[in-house]
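Have a look at the structure below before the remarks.
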Amino acid sequence: MEDEEGYMALKIRPREQNILNPQNQNAECRLCPVNWLLHKNKCYWISKEKQTWHKSLEDCREKHTQMLVIQSPEEKSFMWEMISEGQKLPWLGLRTTSSGRKWSWIDGSPVNDTTLQSLGPPESNSCGMLKNNQITSQACAALAEWICETEALLL
């Protein structure tokens with residue numbers, strides 16, 4: 001059963017709630033929209049078509065999400081596992097600033113040098129892409145798949 005935003009809805013009868021009540025009070029249950037991947041507290045959607053970086057950014061915004069901002073080496077490895085079977089090279093929410101002098105995540109979070117060690121110096125009109133478990137630079141006008149992310153719904 002889906003609600004209007006595409007989340008799966010669960011109806012639990014009072015008698016069954018006791019069975020599902022975890023002994024660990026810190027346990028959490030999180031949900032993602034249909035066809036999204038859940039990992040920790042985030043949901044990820046991987047496109048099947050190719051667009052420029054700017055059109056990809058627009059698509060994520062239309063979904064009320066953002067393009068993927070990688071916050072740790074672990075998150076980068078998880079995403080690489082998810083896309084490597086399909087041999088996708090997706091856009092990330094990373095681009096050079098308007099001056100073209102430094103890299104910037106779209107959400108304003110700091111660019112971590114250890115996560116981005118393979119990126120190289122910024123060039124004008126460059127955007128970030130995940131390739132061979134490394135973040136690489138590509139012309140923003142190139143066509144590629146992309147990844148959107150959003151917070152998972154906490155039940």
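No lab work stands behind these numbers, since they all come straight from the coordinates. No experiment lies behind these values; they were computed from the predicted model shown. Cβ atoms come from the backbone with ideal geometry, glycine included; neighbour counts cover every protein chain shown.
Positive contributions from Lys and Arg (+1) and negative ones from Asp and Glu (-1), summed over other residues with Cβ under 15 Å from the Cβ of residue 50, come out at 0. In this label model, residue 40 and residue 74 are separated by 0.5 nm, measuring between points 7 Å along each Cα→Cβ vector.
Within the same chain, lysines fewer than 8 places from residue 50 are excluded, and of the rest, those with a Cα less than 28 Å from its Cα are 40, 42, 63, 76, 88, 102, 131.
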